[in-house]
Structures are given as C-alpha cells and as structure tokens.
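Scroll down for the structure; my scribbles are underneath it.
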Amino acid sequence: MKRFFFHATFAGWLSLVTASLSAQIVKEVVPGVVNDKQIAIAPGANQFSGFLGTRLDANAFNRLAKIDEERLLEGFRHRPGRQAWDGEHVGKWLHAATLAWDYTHDAELRVKLDRVVAELGKCQLEDGYLGTYLPEQRWTEWDVWAHKYDMIGLLTYYRFTGNTNALNISRRCADLLCRTFGTNAGQRDIIKAGWHMGMAPTSVLEPMVLLYRQTRETKYLDFCRYILASWETPSGPKIISTLLNSKRVDKVANAKAYEMLSCLNGALEYYRTTGKKPLLEAALNAWQDIVDKRLYLTGTASHHEHFHDDYELPNGNADVGETCVTVTWIQFNAQLLRLTGEARFAEELERAVYNQLLGAQKPDGTAWGYYVQLEGKKPYSAELSGHCCLSSGPRGVALVPTFAVTTDDEGAVINFYTEGIS
Ligand SMILES: [Zn+2]
C-alpha cells in the first residue's frame with residue numbers, strides 16, 4: 001500500500017502545534033547541519049482518542065505514574081544493584097515519564113519526576129559516577145550502558161522542564177566518561193567496557209551527541225569521534241564498515257539486535273549533527289536488510305535477541321521480538337523519517353506500533369511482554385527485576401505522539417491512521 005501524506009493547511013491547527021513546541025522545549029545550542037525533513041512534535045501538541053489514545057493513557061497513568069521509585073533508585077542508593085543492568089531502568093523511566101507528562105500534563109507525574117531527578121542526583125559520586133556498581137567492578141558489563149540511560153533520561157527531562165540540575169548531572173556523567181575512556185596513556189578502551197563486542201557501552205554515542213548539541217562543549221563531540229573510531233578497531237564491532245560492505249545486520253559483530261540498533265540511533269544523531277554521509281548510508285543499508293529479510297509481519301525483528309540468517313523467522317516458543325528491539329527499531333524508523341521525510345519509514349512505524357508494540361503492552365498498561373510471539377499466550381510481567389523490556393515498552397508508547405503527527409515545510413503530516421487529533 002502506498003501511503004501519501006495529508007498536508008493540512010488549517011492555520012489554527014498549525015499555530016497550536018508551533019506554540020506547543022516553542023513554549024515547552026529548551027532549544028539546542030548547536031543546531032544540526034542536516035535539517036530534518038519532518039519535525040518531531042512535542043507529545044502534548046496533539047491529543048489522541050480511540051484505541052491509540054486509550055493505550056497512551058494506560059501507559060502514562062497505570063504504568064509510568066505508578067512505578068515504584070524506590071525500586072528505580074535502589075541500586076544507586078545501595079550499591080551494587082541487584083542485577084548487572086539495574087542502572088538502566090531509572091533513565092528509561094525518566095525519558096518515558098517526561099514524554100508522558102508532556103502529553104498528559106498530569107501534576108502528580110511531574111512531582112514524581114522532579115523528586116526522582118533530585119534523588120538520583122544525590123546518588124552521583126564526587127567524580128561524576130552515577131552507576132550501580134562497586135568501585136572494583138566499575139566499567140564492566142552494563143556500567144557505561146547505565147550512564148547512557150541516565151543521560152538520555154536527564155537530558156529529556158531538562159529539555160522539557162528547563163531544570164538545569166538535570167543538565168549538570170548529565171554533564172558530570174559525560175565528563176567522567178571522557179576522562180575514563182580514550183586513547184591517551186592511562187585511559188581505558190571503551191570496547192572492552194561492556195557486552196556484545198562493545199556495542200553496549202558505545203551506544204552512549206546517542207546522548208553524547210545530544211549533550212554536545214545542548215552545550216557546544218567540543219570534548220563531547222571528540223568523544224563521539226572516539227567511539228566511531230573504536231567501532232572499526234580490530235576488536236571493535238565494525239558496525240559501519242560491515243553495513244557499507246556486506247549490507248547485512250546479521251554480519252555485524254555478534255548480531256545482537258537491541259545494542260546494534262541503539263548504536264545506529266546514535267550514528268544517525270551524529271549524522272544529523274555533522275552531515276557525515278556514510279553513517280546515513282550504513283543505516284539505510286541496515287534498514288533495507290531488516291525490512292527485506294529479517295522483519296516479522298507484526299513489525300518486530302530478531303529472535304533470541306539476535307538477528308539471524310535470511311528469512312529465519314521462527315514463531316512459537318522462539319523468543320520472538322524482544323520488546324527492547326521493537327522499541328529501538330521504532331526509534332530507528334522515527335529518526336529516518338525525521339531525516340528523510342520518506343513515507344516508507346512511517347509505514348514501518350505504524351506497522352510496528354499497532355501490531356507489535358501495543359500487542360506487547362497489557363491492555364490496561366500495567367505490564368509488558370518481554371518476547372511476544374505471533375501465537376500462544378502473552379507472557380506479561382509487571383516487575384522490573386530481570387526485565388530490560390519492562391522499562392523499554394513504556395518508552396515506545398510514550399514516543400508515539402512525537403511521530404504519529406509531525407510537520408514539514410508544507411504543513412502538518414499525518415503519519416498514523418488514528419482518532420482524535422486536535
Ligand atoms: Zn529487553
């Protein structure tokens with residue numbers, strides 16, 4: 001089916017969107033050199049009803065507003081955290097809950113957000129460390145990864161609230177990473193600082209680029225260049241070169257889908273900032289390969305959390321479609337839609353959101369599926385313990401209002417078939 005964009009020309013509607021954007025979001029200090037073809041919208045600029053609206057509300061009020069903040073902060077207050085990736089949850093919640101707050105403007109959720117940011121800040125150590133590990137375990141397994149999510153959550157909250165404390169906490173995290181990793185004497189190799197051939201730690205690229213655009217601090221951009229170079233070192237995952245040459249995601253590093261797509265989202269953010277074309281080309285090759293050979297009908301990818309051989313898409317009890325992969329695939333398409341304005345990315349967003357993402361969400365919003373295959377029983381869970389996906393799913397839903405309707409040079413662009421846009 002060929003999608004065509006509907007360009008609204010209602011001046012009142014457009015001014016509503018524009019006003020909502022400019023009133024709420026802190027502008028970036030450094031604009032990207034690549035202009036977006038479609039502009040991501042602040043969630044609160046539109047309101048949705050019907051099926052999508054019900055699920056957005058369920059996500060905001062029954063999941064994000066109800067989350068146990070003591071549990072989110074536990075691993076930071078009492079190190080070490082109970083699981084190796086315990087530190088990722090608070091940043092993912094801050095990201096999702098900030099977007100959901102902008103959509104709902106729920107006063108209680110805002111109070112909770114403010115309190116969690118303040119309490120998280122109190123857990124930051126003198127040198128900027130904001131993970132859940134003991135000193136002797138620092139920078140192993142998922143420690144840089146947790147700092148990535150700290151920064152994503154804090155920067156999102158800063159942009160929507162103007163709270164400079166959140167920006168400062170994020171900067172101190174980044175400063176510590178810049179001091180710790182690099183090629184100078186005494187610095188560590190970031191590739192060796194986490195799982196999946198370094199794709200987990202180096203996915204900190206995304207918030208590091210965003211922090212550069214928010215501060216104009218060149219050392220953050222230098223750190224991004226260091227990450228991109230590290231990908232192509234002998235022990236690195238060779239993400240870009242593999243995608244430019246073999247054009248297959250299952251040939252990149254160990255083919256771990258969530259971490260690879262996270263890195264590619266960072267690469268696209270870097271492309272937006274610098275205009276470095278091969279990064280876009282590599283991302284487009286990855287997209288085409290996934291859509292042609294590695295995508296389920298419902299719009300998710302991967303089983304057992306990895307990309308596999310051409311058309312190897314088992315169903316049943318095959319650990320199909322990790323929700324983290326679904327959400328990161330959605331983010332990837334949202335990035336490409338902004339950068340190119342091409343309808344093919346909107347098609348994949350709509351497919352994945354309606355068929356897989358909302359299928360993984362329990363209808364009342366209280367719980368999520370980790371893997372959600374195309375048949376059988378949905379294994380919902382409400383606990384954070386052991387489940388990366390339980391803090392990823394709510395991010396995916398909270399992001400939907402940013403791309404379901406956008407604007408471009410000609411006016412409003414309706415990307416989703418849905419009810420209740422106002
Ligand atoms: Zn997951």
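Pull out the extension gain between Thr183 and Arg225, defined as 0.36 nm times the separation in residues minus the alpha carbon to alpha carbon distance; nm, one decimal.
So the chain would gain 13.9 nm between Thr183 and Arg225.
Select from region 173-259 those trypsin sites (Lys or Arg not before Pro) which occupy a DSSP coil region and have at most 14 other Cβ atoms within 10 Å, ordered by residue number.
When the trypsin sites (Lys or Arg not before Pro) of region 173-259 are filtered for loop state and at most 14 Cβ neighbours within 10 Å, Arg216 remain.
Which residues in region 335-377 place their backbone N less than 17 Å from a point set 7 Å from the Cα of Asn35 along the Cα-to-Cβ direction?
Zone members listed by number: 338-342.
Pull up the cross-link candidates among the aspartates and glutamates for Lys293, meaning alpha carbon to alpha carbon under 17 Å and not fewer than 8 places away within one chain.
Result set, ordered by chain and number: Asp250, Glu305, Asp309, Asp310, Glu312, Glu347, Glu348.
Can you show me the helix-derived [θ] at 222 nm for the chain, built from DSSP H runs with n ≥ 4 at -39,500 (n - 2.57) apiece and divided by the number of residues, rounded to the nearest 500.
Computed ellipticity for the chain at 222 nm equals -16000 deg cm²/dmol.
Below 21 Å, Cα to Cα, which lysines can Lys37 reach? Residues fewer than 8 away in the same chain don't count.
Lys2, Lys27, Lys276, Lys277
If the only charges are +1 at each Lys and Arg Cβ and -1 at each Asp and Glu Cβ, what is the size of the charge dipole of the chain around the Cα centre, to the nearest 20 debye? Working shown, then result.
Values: 45 positive and 49 negative charges, 109 e Å.
Here the size comes out at about 520 debye.
Report the extension gain between Glu232 and Thr140 in nm, rounded to one decimal, defined as 0.36 nm multiplied by the number of residues separating them, less their alpha carbon distance.
31.1 nm
Lys/Arg Cβ at +1, Asp/Glu Cβ at -1, dipole of the chain taken about the Cα centre: which of Gly194, Thr218, Ile169 is farthest positive-ward?
Comparing the listed Cα positions along the dipole, Thr218 ranks first.
For Arg115 and Leu244, calculate 0.36 nm times their separation in residues minus their Cα-Cα distance, and state this gained length in nm to one decimal.
Net length gain for the segment: 41.9 nm.
Using a Gaussian network model of the chain whose springs link C-alpha atoms within less than 10 Å, name the residue from Thr407, Thr300, Thr132 with the highest mean-square fluctuation.
Ranking Thr407, Thr300, Thr132 by mean-square fluctuation puts Thr407 first.
Need the list of aspartates and glutamates near Lys112 for cross-linking: C-alpha distance under 15 angstrom, and skip anything on the same chain fewer than eight residues off.
Qualifying aspartates and glutamates at Cα under 15 Å: Asp68, Glu69, Glu70, Asp102.
Any read-out appearing in this document is the output of simple, stated calculations on the displayed coordinates, not a laboratory observation. Bear in mind the structure is a predicted one, so any value in this text is a computation, not a measurement. FYI the Cβ positions are ideal-geometry reconstructions off the backbone, even for glycines, and counts take in every protein chain you see.
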